[in-house]
Amino acid sequence: MKKATTRAMLGVGALLLAITTLAGCSNGADAGTGSGGGGGDASKAKIGLLLPDSVTARYASADRPLFTAEVKKQCSGCSVVYANADGDASKQLQQAQSMLTQGVKVLVLDPFDGEAAASIVQQAKAKKVPVISYDRLIDSPDLSYYISFDNEKVGELQGEALVKALKAKNVPSGSGIIMVNGSPTDNNATQFKAGAHKAIDDSGYKVLAEYDTPGWDPAKAQDWAAGQISKLGADKITGVYAANDDTGGGVIAALKSAGVSELPPVTGQDASLAGIQRILSGEQYMTVYKAFKPEASKAADLAIQFAKGDTPKGDTTTKTAGGASVQSTLLDPVAVTTANVQDTVIKDELYTVKQVCTSQYASACSKNGIE
Ligand code: BGC
């Protein structure tokens, strides 16, 4: 994609409520309690949280619980209405419409499709509901805020780490890399890819083939990688750029089922639990840790401010593909290898040692000093 809204009679009220509840259910928008939007009491605001897919670990394990906890911490009477689009832009539109009908005061929207989601922003605007673009940029002139990471830097960290790993293994210049990028409907994926190419293109290593994974689906990444392994020969694949841990896991599974015992360096992103365990056991070379807590907490904090009618300003601005300038906060990503698992995800309590070091990973943990 390119870079880049007195009940007149008891009977009527009951009917409306029934329709609203029904709409919420059929679209998977999970209503909490609290009063409706449109100028009601901000201390009882409903805040909509829309996340893009269910194939990536972070949304259920980090974003949703962290966001909800911060909303509750700052505003005990507020409630979060949650929906996941399951990789379907039209489902996300319906979920957003259902939330607007339920009277949310703010939408925090991580779009499945950054261009298509502009119509959600437009519909929200018509109801005076501000939209915070969460993690992925929406190509709309009507956004109220964008909170994310420096996403081109994510790609640079991945590409640089891959090149470094290949050089450290003395892999000769001219050897091949395959690239498993993110979803073509995700502006972040475009930026990750651009950042990675910056590091890889002049490295002397050659990109043999690359793939934009529809919906970031790990199963599709795995199928594509299996096809490349048969086509190119496993020994020709000396390095793998995978845009996140889940798709990287798919590639690793394909390599293992093709009988590859010494895996090439594979990159990732999100510091997922499975990704961190693979790093410790030597199956995955690196991941990019994007501290989800500051991202989700900041989004919750912004949502509450907007619900109160404030208009918070960012530390910076971001340009959408359409040329609009959006108030933004962009956080810093960090590359993680065996060398700094302890000082990043363990130190920040993203995971406990017990969660990471299950019996299967106990020796990998002790070898890498995880305690
Ligand atoms: C996010 C990544 C995530 C990917 C797949 C990207 O927009 O920034 O953290 O792994 O989407 O959902």
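Bear in mind these aren't lab numbers, they're just calculated from the coordinates by the rules spelled out. This is a predicted model, so every value here is computed, not measured. Here Cβ is always computed from backbone atoms with ideal geometry, including for glycine, and neighbour counts include all displayed protein chains.
A few comments on the model shown:
- Positive-end residue, the chain charge dipole about Cα centroid, Cβ charges, pick of Ile200, Ala126, Val251: Ala126
- Annotation: for a label point projected 7 angstrom from Cα along Cα→Cβ of Ala321, residues of the stretch 118-160 with backbone N closer than 14 Å are 118-119, 137-141.
- Stretching the chain fully between Glu371 and Ala339 yields a gain of 10.2 nm (0.36 nm per residue, less the alpha carbon separation).
- Amide hydrogen neighbours beyond the local backbone of Lys46, cut-off 5 Å, H modeled: Ser79, Lys105
- Each Lys and Arg contributes +1 and each Asp and Glu -1, all at the Cβ; summed about the Cα centre of the chain, the dipole is approximately 560 debye.
- Mean Cα-pair separation over length for the stretch 177-302, i.e. relative contact order, pairs under 8 Å, 6 or more apart, %: 23
- Relative contact order computed over the stretch 90-230 (Cα-Cα under 8 Å; 6+ residues apart), in percent: 21
- Ordering 223-229, 198-204 by mean Cβ neighbour count within 10 Å, with the highest value first, yields 223-229, 198-204.
- Ranked packing of 335-344, 309-318, most packed first, by mean Cβ within 10 Å: 335-344, 309-318
- Alpha-carbon centroids, the stretch 259-316 and the stretch 186-219: separation in whole Å: 18
- Here is the tail figure for the chain: Cα pairs spaced more than 37 Å apart come to 24 percent of all pairs.
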